[in-house]
Structures are given as structure tokens and as C-alpha cells.
């Protein structure tokens, strides 16, 4: 049971966003700006970063939702599974691998990102915009994850529920 009133039957952040529209609208807008832009990182790469940070934070709802969105955008379940479960060979570009390393540093704490991390990403072709967006996505998802888990929202057990959420996010984004 959530620590605060949420919309009945709505899991994770969905119940919070709908139950508290004065902040929900803003948080959805931020997610749209961070995850659906197409300059630099693709929407699929952005969802992978969100899923990865959420998995590091052990936020079941966010990990499962954003992993499902990434699967729908990529059409590649194995890559997403390897990323969020650390259970396989991660088949991503060296550029994305370097950006994911930066995201992991942000998850540990903002000051954990060092010049070597940024230099490594640049060496693999990452632009300033991509490095910026990676740090901002990772930081935002630390907040989103803590929001969801700090208020004890519930997460579905059924993988089909996340597939439905992921399909919707992939098709419509966060404000549609």
C-alpha cells in the first residue's frame, strides 16, 4: 500500500502522476523532453539509459517499464535483458557503452563522473549534447526512482503489463 493516496489500480509512477497532476504534468513533460528527443541519442538509447539507471537503483516498476519501451523501440529483447539484468553479452556500440558508464557514475553520485569518463565517451564519438543528456537522464531517473519507491507504490508482477506500458510509451511518449 502506497504511503500516500494514489489513483486506485494505477501502478508505480502512473498513480502518482495522475493523483498529483500539478507535479505529474511537469514530470511527464520532463520525461518527454529527456526520452523522446531525436537529436544525438535516439529514443531507444535514451530508454536504455533510463532502464539501466532504474535497474541500478533497484526500482522494479521503472526498470520494467523503460526496459519494455526500449524493447519496443529497438526490437531487441536480448540487448535490453543483458543491460538491466547484467546477465549476458551487451551488444551496444562503444559510444553507448561509454555513456552507460557515465550514467552508472551519476547513479552513484554526481561528483563520481570524472574527466576520464568524459574523455572515454568522447573518444568513442559521444558529443557534448549526448554526454549532457546522459547525465541529465541518469540524474532525473534517480529522482523518478526515489519518488516511486519512496512512496511505496506497487509494481505489477505480470510481464505483460509492462509490455503494454512499453508499447504505449514507445508509440506515444509521455504526454500523449
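Considering only residues that are in contact with a helix residue (DSSP H, G or I) (Cβ under 8 Å, 6 or more places away or on another chain) and part of a helix (DSSP H, G or I), which ones fall in the range 92-104? First the steps, then the outcome.
Let us first name the residues in the range 92-104 that are in contact with a helix residue (DSSP H, G or I) (Cβ under 8 Å, 6 or more places away or on another chain), namely 92, 95-96, 98-104.
Answer for the range 92-104, where residues must be in contact with a helix residue (DSSP H, G or I) (Cβ under 8 Å, 6 or more places away or on another chain) and part of a helix (DSSP H, G or I): 95, 96, 98, 99, 100, 101, 102, 103, 104.
For residue 107, state whether it is in contact with a helix residue (DSSP H, G or I) (Cβ under 7 Å, 6 or more places away or on another chain) and exposed (fewer than 13 other Cβ atoms within 10 Å of the Cβ). Against the criterion (in contact with a helix residue (DSSP H, G or I) (Cβ under 7 Å, 6 or more places away or on another chain) and exposed (fewer than 13 other Cβ atoms within 10 Å of the Cβ)), residue 107 does not qualify.
Among the residues that make up the range 65-72, is at least one of them closer than 22 Å to residue 155 by Cβ, in a helix (DSSP H, G or I) and over 11 Å from the mean Cα position of the chain (by Cα)?
From the range 65-72, those closer than 22 Å to residue 155 by Cβ are 65-72; that's our starting set.
Then keep just the ones that are in a helix (DSSP H, G or I); that gives 65-72.
Of the ones still in play, those that are also over 11 Å from the mean Cα position of the chain (by Cα) are 71-72.
Among the residues of the range 65-72, at least one is closer than 22 Å to residue 155 by Cβ, in a helix (DSSP H, G or I) and over 11 Å from the mean Cα position of the chain (by Cα), which makes the answer yes.
Do you know which residues across the range 11-29 are surrounded by 15 or more Cβ atoms within 10 Å (Cβ to Cβ) and either at pLDDT below 95 or assigned to a helix (DSSP H, G or I) (or both)? Please lay out each step first, then the result.
Pass one, the range 11-29, residues surrounded by 15 or more Cβ atoms within 10 Å (Cβ to Cβ): 11-17, 19-20, 24, 27-28.
Matches in the range 11-29: 12, 13, 14, 15, 16, 17, 19, 24, 27, 28.
Take the residues in the range 137-176 that are outside any helix (DSSP H, G or I) and in contact with a helix residue (DSSP H, G or I) (Cβ under 6 Å, 6 or more places away or on another chain); name whichever of them is surrounded by the most Cβ atoms within 10 Å (Cβ to Cβ). Of everything passing the filter in the range 137-176, 153 is surrounded by the most Cβ atoms within 10 Å (Cβ to Cβ).
Considering only residues that are exposed (fewer than 15 other Cβ atoms within 10 Å of the Cβ) and touching a helix residue (DSSP H, G or I) at 6+ places or on another chain (Cβ under 7 Å), which ones fall in the range 31-58? Across the range 31-58, the qualifying residue is only 39.
The values are calculated or read from the model by the stated rules, or taken from the named source; none is laboratory data. Because the structure is a prediction, the values reported are computed rather than measured. Cβ coordinates were reconstructed from backbone atoms using ideal geometry, including for glycine residues, and neighbour counts include every protein chain displayed.
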